[in-house]
Amino acid sequence: MNYLDQNINPYRHFIGAKVSVAGEQEIGVVTRIDIQNKIVCVLFKKMREVKYRYPEVLDKKLIKIIET
């Protein structure tokens with residue numbers, strides 16, 4: 001089943017968004033949301049990519065979109 005075709009991913013608007021993450025000092029960018037593996041990838045400065053558990057990190061609002 002392809003979740004992009006089914007529009008199952010309610011957080012797809014996060015991809016490419018600048019975000020602040022609880023416990024991180026720098027601003028990051030969401031690079032992907034992998035529903036099958038249950039991860040959200042955020043890219044920080046110096047190409048440091050951190051994986052967070054999906055959907056817990058979004059439901060608990062540990063990742064917040066930065067309005068520009």
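None of the figures in this text is laboratory data; all of them are computed from the coordinates on show. The shown structure was predicted, so the numbers you read here are calculated from the model rather than taken from an experiment. Cβ sites come from the backbone with ideal geometry, for glycine too, and all protein chains shown count toward neighbours.
Of the trypsin sites (Lys or Arg not before Pro) in segment 21-68, the ones in a loop by DSSP (not H, G, I, E or B) with at most 12 other beta carbons within 10 Å are K60, K61. About the centre of its Cα atoms, segment 3-65 shows a dipole size close to 180 debye [charges on the beta carbon of Lys, Arg (+1) and Asp, Glu (-1) only; nearest 20 debye]. A Förster distance of 35 Å, applied to the separation of the beta-carbon atoms of Q36 and K64, puts the FRET efficiency at 0.90. Using the Stokes-Einstein relation with a Kirkwood hydrodynamic radius computed over Cα pairs, the translational diffusion coefficient of segment 3-65 at 10 °C and a viscosity of 1.306 mPa s comes to 135 µm²/s.
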